[in-house]
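Below you'll find the structure, written out as structure tokens, and then a few comments.
The values are calculated or read from the model by the stated rules, or taken from the named source; none is laboratory data. A quick note: this is a predicted structure, and the numbers were derived from the prediction, not measured. Because the Cβ atoms are built from the backbone with ideal geometry, glycine has one as well, and the counts that use them run over all protein chains shown.
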Amino acid sequence: MRRLPVYFLVDVSESMVGEPIKQVESGMRTIIQELRTDPYALETVYVSVIAFAGKAKSLSPLTELFKFYPPVFPVGGGTSLGKALDFLMDDIEQSVVKTTVEQKGDWKPIVFLFTDGNPTDDTTAAINRWNSKFKRRANIIAISIGDNVNTQLLGQVSDNVLRLTETDETSFKQFFKWVTDSIKTTSVSVSSQGVDEVKLAPTSGINLEKVDGTAPCKVDENFVVLLGKCPNTMKPYLVKYAKRLSKSEMVDDFNVLEFKLVGAYQIDEEQYNSLSDGKSNRNINTNNLVGAPTCPCCGNQWAMVICGECGQISCADNSGRCKCAWCGSEGSLGDIGSSGVDITRGRG
């Protein structure tokens, strides 16, 4: 039997923490449930999930549809698209059966690439490898989740670059239905017609638009994500802020760029470290951040306490005394002053 391999190459960088990751997990479950009701897909589709942040890892090898179980997605630091493409190509090389004189190999794989940010690594070598050795062997559909993606770069690896313009729950549901319909249509095409070019479903009526992958694009900085650690549980967490423009109180007709609190989220330290590619060298001043979260690990009132010794973030209650979970130094809560403090932000 000739298989139709379907790869999901999913960005799990820090900016995906919270609702986006939950929507992707929910969407994957929906895709699998729907595909299992389709006889053509059930006969041909094999699914693989690869997650990438600073590093890439397989969450599920290429698995027959009825045996596939949607994974839980971790979060990591960085957005190494080059490493992700190399990991994908290595897996295609090892897992996808080639056509030879003796046998018909698998159908051309479909790759759905989901990303919400710009690469933090050099993608040149991986893109050249893809275009020279794999572009004719696989169909890749690159999806920009929001507008914080260099779609011109995605256009270097795919003729099908699309942008999910809204990231609310309804938009995600419509998007994953589109993915499901595209896989169903392609599985019918390979089964009944023997044609293994991807057949994408129509995008009309949903918040998904085709993008000219050759055109220059404006990339917005939509999120700031900070890494903290709880001194009570010694577990890490991420604090996420989203961009907003507000009216200046000092200058008429002038907008001030701020980042408003979205939430704080406990993460798995081992998984986070395994997908991260080193410490960030990017900073953000606290004056640009609006809102203070509670600790998602222990419930302490303050989850944005900055250590005066090491500059890292921990949590504290309202007693006034606090201990840094990173370096162990102790002190009292204090005002950081009108000029704010520069703190290290995440890479993803």
Quiz item: In the stretch 153-169, which residue that is modelled with pLDDT of 95 or more and of a type in the set (S, T, N, Q) is farthest from Asp86 (Cα to Cα)?
Solution: Asn160
Quiz item: Among Phe87, Phe52, Phe66, which is aromatic (Phe, Trp, Tyr) and at pLDDT below 95?
Solution: Phe66
Self-check item: Filter pass, Pro74 being part of a strand (DSSP E or B) and either on the phi > 0 side of the Ramachandran plot or modelled with pLDDT of 95 or more (or both)
Solution: no
Quiz prompt | Search result, residues across the stretch 149-178 that are in contact with a strand residue (DSSP E or B) (Cβ under 7 Å, 6 or more places away or on another chain), β-branched (Val, Ile, Thr) and in a helix (DSSP H, G or I) | solution = Thr151
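For every residue, the table says whether it meets (1) closer than 30 Å to Gly278 by Cβ; (2) basic (Lys, Arg); (3) assigned to a loop (DSSP other than H, G, I, E, B); (4) touching a Leu at 6+ places or on another chain (Cβ under 6 Å).
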position	(1), (2), (3), (4)
Ile127	yes, no, no, no
Ser187	no, no, no, yes
Val190	no, no, no, yes
Lys199	no, yes, yes, no
Ser204	no, no, yes, no
Self-check item: Residue satisfying condition, being closer than 22 Å to Gly117 by Cβ and in contact with a Ser or Thr (Cβ under 6 Å, 6 or more places away or on another chain), within set Phe176, Phe172
Solution: Phe176
Exercise. Could you look through the stretch 64-91, keep only residues that are in contact with a Leu (Cβ under 9 Å, 6 or more places away or on another chain) and of a type in the set (Val, Ile, Thr), and pick out the one that is surrounded by the fewest Cβ atoms within 10 Å (Cβ to Cβ)?
Key: Val72
Quiz item: Based on what the data block shows, is Glu43 under 17 Å from the mean Cα position of the chain (by Cα), surrounded by fewer than 24 Cβ atoms within 10 Å (Cβ to Cβ) and in a helix (DSSP H, G or I)?
Solution: no
Quiz prompt | Top-ranked residue of the stretch 81-121 - restricted to ones that are under 26 Å from Arg163 (Cα atoms) and small (Gly, Ala, Ser), ranked as nearest to the chain's Cα centre (by Cα) | solution = Gly117
Quiz item: Could you list, in sequence order, the residues of the stretch 96-137 that are in contact with a helix residue (DSSP H, G or I) (Cβ under 8 Å, 6 or more places away or on another chain) and without any contact (Cβ under 8 Å) to a residue 60 or more places away in the chain?
Solution: Pro119, Asp122, Thr123, Thr124, Ala125, Ala126, Ile127, Arg129, Trp130, Lys133, Phe134, Arg137
Practice problem: For the stretch 175-211, name all the residues that are in contact with a Phe, Trp or Tyr (Cβ under 6 Å, 6 or more places away or on another chain) and without any contact (Cβ under 8 Å) to a residue 24 or more places away in the chain. | Solution: Ala201
Exercise. Please indicate, with yes or no, whether at least one residue in the stretch 97-106 is among the hydroxyl-bearing types (Ser, Thr, Tyr) and modelled with pLDDT of 95 or more.
Key: no
Practice problem: Would you check which residues across the stretch 13-53 are among the β-branched types (Val, Ile, Thr), closer than 22 Å to Phe223 by Cα and touching a residue at least 60 places away in the same chain (Cβ under 8 Å) and list them? | Solution: Val17, Val24
Self-check item: Any hit, the stretch 138-148, residues being closer than 20 Å to Ile92 by Cα, more than 21 Å from the chain's Cα centre (by Cα) and assigned to a loop (DSSP other than H, G, I, E, B)
Solution: yes
Exercise. Give Pro20, Pro61 a once-over and let me know the one that is modelled with pLDDT under 95 and either crowded, with 21+ Cβ neighbours inside 10 Å or within 29 Å of Asn131 (Cα to Cα) (or both).
Key: Pro20
Quiz item: Just wondering, is there one or more residues in the stretch 21-32 that are within 20 Å of Val157 (Cβ to Cβ), outside the structural domain of Pro236 (by TED's automatic domain parsing) and not in a strand (DSSP E or B)?
Solution: no
